[in-house]
Amino acid sequence: EDSISPVPELVHADGITVEPNATLLAETVVLKLNGGLGTGMGLDKAKSLLEVKNGDTFLDLTAKQVMCMRKEFGQNVKFM
């Protein structure tokens, strides 16, 4: 921690001009972290396996989001 120093100045996001480039998604990995196992909440399984809507779990919904990105942008977005 002794070698960490604050950033002198941050650029505000609204001051950045970026041209969309969907091909960069082929180099992108979606890494989903869902926290702990849920034992503190009295659960007997990972929270990502909880059913949230129409039989889908949090993990199912995340996977579906990635599949939609792949289809919409025509790129092989990786999912871990």
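The values are calculated or read from the model by the stated rules, or taken from the named source; none is laboratory data. These numbers were taken from a predicted model, which means no experiment stands behind them. Ideal geometry is used to build each Cβ from the backbone, glycine not excepted, and the neighbour counts take in all protein chains shown. These accessible areas exclude ligands, DNA and RNA; they are computed on the full protein's heavy atoms, side chains included. Shrake-Rupley method; radii C 1.70, N 1.55, O 1.52, S 1.80 Å.
Within the stretch 24-36, is even one residue modelled with pLDDT under 80 and of a type in the set (A, V, I, L, M)?
Yes.
Test Met41 against the criterion of being at pLDDT 90 or above, hydrophobic (A, V, I, L, M, F, W, C), open to solvent by 70 Å² or more (accessible area, probe 1.4 Å) and farther than 18 Å from Thr23 by Cβ, and give yes or no.
Criteria not met by Met41.
Please work out which residue is farthest from Phe79 (Cα to Cα), limiting yourself to the stretch 1-31 and to residues that are open to solvent by less than 100 Å² (accessible area, probe 1.4 Å) and of a type in the set (Gly, Ala, Ser).
Result: Ser5.
From the set of residues in the stretch 46-78 that are open to solvent by 90 Å² or more (accessible area, probe 1.4 Å) and in a loop (DSSP other than H, G, I, E, B), which is nearest to Pro20 (Cα to Cα)?
Asn76
Whether any residue in the stretch 2-10 is of a type in the set (S, T, N, Q) and in a helix (DSSP H, G or I) is what I want to check.
no
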